[in-house]
Amino acid sequence: MTVTPELLLAAREGERKAQYQLYRQCFPVLMSVCLRYRSDQSDALAALNDGYLKILQNLHRYPPEAPFEAWIRRIQINTLIDQFRREAKWRDTVLLSEKMEQQPGVGGVDWNEADRRFDAEQLENLLQRLPPVSRQVFNLFALDGYSHAEISTMLGISEGTSKWHVSFARSQLRDWIKTGLEHPENTSVR
């Protein structure tokens, strides 16, 4: 993604056409981040728009020596985390312990076979099946590279809880992938 300094300056100064052009350039990057955290496309789009608004409001803080794409990704992830915290007050709590009791034992998965048989979209769909908190923590840890200490601070949970969610997500994904390998007709999720 290449954004010119002139476009950034014009967008920072409030020129609507420049802001729209910047939005169009940022959209693919921001939407890919949002879709990892939101299961519904309209929710992802709403989160993207909130993130883009924060990007516009903070363009004056953008350090020109930093990669612009990395900077906007960070703002979008922080926006998603803020939304997650706000929604936690109203979200129904899923009793994950009940889900764990219903799971059969976890066996080995042939990852070469999984790689050959599952495409990226199918794996994204599997991620979307995870409970919201586990998906959030797994994305932050496995895909965005945050440590358990950072995740615990961001989400207001303990490091142990963060580790548990990553472990739970991995276990779930492993089970679903194994089931998909054993029963190829089950690989289309949702």
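The values are calculated or read from the model by the stated rules, or taken from the named source; none is laboratory data. From a predicted model like this one, the values you see are computed outputs, not experimental measurements. Because the Cβ atoms are built from the backbone with ideal geometry, glycine has one as well, and the counts that use them run over all protein chains shown.
A few points about this structure:
- Test result for GLN122, exposed (fewer than 12 other Cβ atoms within 10 Å of the Cβ) and modelled with pLDDT under 95: no
- Residues (farther than 30 Å from GLN128 by Cβ and of a type in the set (A, V, I, L, M)) located in region 4-56: LEU7, LEU8, LEU9, ALA10, ALA11, ALA18
- Of all the listed residues (VAL109, VAL94, VAL137, VAL189), the sole one being touching a helix residue (DSSP H, G or I) at 6+ places or on another chain (Cβ under 9 Å), at pLDDT 85 or above and of a type in the set (A, V, I, L, M) is VAL137.
- Being part of a helix (DSSP H, G or I), buried (at least 16 other Cβ atoms within 10 Å of the Cβ) and at pLDDT 95 or above is not true of ILE81.
- Restricting attention to region 141-161 and to residues that are in contact (Cβ under 8 Å) with a residue 40 or more places away in the chain and closer than 25 Å to SER32 by Cβ, the residue that is surrounded by the fewest Cβ atoms within 10 Å (Cβ to Cβ) turns out to be LEU143.
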